[in-house]
1. Quick check: at a probe of 1.4 Å, how many percent of the accessible area of the chain sits on carbon and sulfur atoms?
2. Roughly how many Å² of Asp49 are accessible to a 1.4 Å probe, to the nearest 10?
3. How long are the three semi-axes of the equivalent ellipsoid for the chain, computed from the Cα gyration tensor as the root of 5 times each eigenvalue, in whole Å, largest first?
4. Between beta-carbons, use under 14 Å as the cut-off and find the net charge around Leu75, counting Lys and Arg +1, Asp and Glu -1.
5. Using 0.36 nm per residue of separation minus the Cα-Cα distance, give me the extension gain between Arg78 and Arg33 in nm, one decimal.
6. Please compute the modelled spin-label separation between Asp69 and Leu85, points set 7 Å along Cα→Cβ, answer in nm with one decimal.
7. With each pseudo-label sitting 7 Å past Cα toward Cβ, what's the Leu7-Ala47 distance in nm, one decimal?
8. How much accessible area per residue does the chain have, in Å², with a 1.4 Å probe?
Amino acid sequence: MTDSVVLVVGFSARDDSVGELRERLLGIVDRTRAVEGCLRYDLHTHAGDPLRLTFVEEWATSEAHAAHDLTPWVLDLREHLPALLAEDVQVTRLARLEPATAQP
């Protein structure tokens, strides 16, 4: 069995755009969770820095993640990000060190 794709995607908003960035990111959560192969798509804010927002994503396959990247709402988001961000998006792909545990 192939391991799922786990990503941590970080955004650093400009001071004057954090509200719009948060709204745009929250606006894609439900649609993305409905995409085939989406196992987890959670948006977090950093406890000590409200300008930093992070998605923790898990996809059943690389193909599922690639399909998500081509959805109309992700493409639209990408068009707006340069005006909202203080720095480039940070994407980290994680690899599981231990076997997955069974979920109750």
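The values are calculated or read from the model by the stated rules, or taken from the named source; none is laboratory data. Because the structure is predicted, anything quoted here is derived from the model rather than measured. Every residue, glycine among them, receives a Cβ derived from its backbone with ideal geometry; neighbour counts consider all protein chains shown. In case anyone asks, the SASA skips ligands and DNA or RNA and just uses the protein heavy atoms, side chains included. Shrake-Rupley method; radii C 1.70, N 1.55, O 1.52, S 1.80 Å.
1. Carbon and sulfur atoms account for 54 percent of the accessible area of the chain.
2. Accessible area, nearest 10 Å²: 50 Å².
3. Working from the Cα gyration tensor, I get semi-axes of 25, 16, 12 Å.
4. 0
5. Taking 0.36 nm per residue and subtracting the Cα distance, the gain is 14.4 nm.
6. 1.3
7. 2.7
8. About 65 Å² of surface per residue is accessible.
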